[in-house]
Amino acid sequence: MNHIEIKSLPDVIWNANMAFRKTNRPHNILVAEDDHDMRRLVAEVLTHSGYNVDAAQDGAVAWESLQLKSYHLLITDFDMPKVSGVELIRKARAARMALPVIMVSGTMPENEIKQNSSLRINATLFKPFGVEDLLKTVRQVLDAAVSASVLEV
């Protein structure tokens with residue numbers, strides 16, 4: 001099981017909530033992660049930080065969600081059953097979905113990410129990662145997307 005450090009979670013979430021209140025409305029985030037505990041924890045941290053979060057237990061369910069609802073960010077695990085994270089991103093790009101992507105992995109070599117530049121992965125989080133790293137990465141990716149006018153606020 002992967003662990004996310006949560007010793008200072010209330011302070012981290014409070015700070016994220018204060019930053020979030022300065023924005024117009026919450027962002028919709030889809031989390032695709034096959035590890036139940038990791039999926040639940042990431043979704044809870046993001047939800048408590050003011051984001052609207054949907055969670056999918058594999059890439060196939062995530063793909064269905066992407067087709068039904070508009071998201072501002074996809075956070076996907078690399079290694080999942082049915083449809084991998086890379087396959088999920090390829091499907092989204094083939095469907096001309098411009099949403100930013102954070103790839104989460106405990107196994108994917110960094111050079112493999114670089115070799116797949118057409119996937120346009122905006123950031124990578126390597127397991128295990130901390131709550132602060134998660135929130136900082138999400139905020140940076142969303143801020144960059146808004147600045148680049150990929151997302152509407």
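The numbers here are math on the coordinates, done by the rules we state, and not lab data. Computed from a prediction, not measured in an experiment: that's the story for all the values here. Using ideal geometry, Cβ is built from the backbone for each residue, glycine included, and neighbour counts are taken over all protein chains shown.
How large is the charge dipole for the range 23-146, taken about the Cα centre, if only the Cβ atoms of Lys, Arg (+1) and Asp, Glu (-1) carry charge, to the nearest 20 debye? Walk me through the numbers before you get to the answer.
Working: 14 positive and 16 negative charges, 117 e Å.
Around 560 debye, computed over the range 23-146.
Using the Cα gyration tensor of the range 23-146, with a ≥ b ≥ c the square roots of its eigenvalues, what is the shape: rounded (a/c below 1.5), prolate (a/b larger than b/c) or oblate (neither)? Write down the numbers at each step before the final one.
Working: a/c = 1.24, a/b = 1.15, b/c = 1.07.
Because its axes are fairly even, with a/c under 1.5, the range 23-146 counts as rounded.
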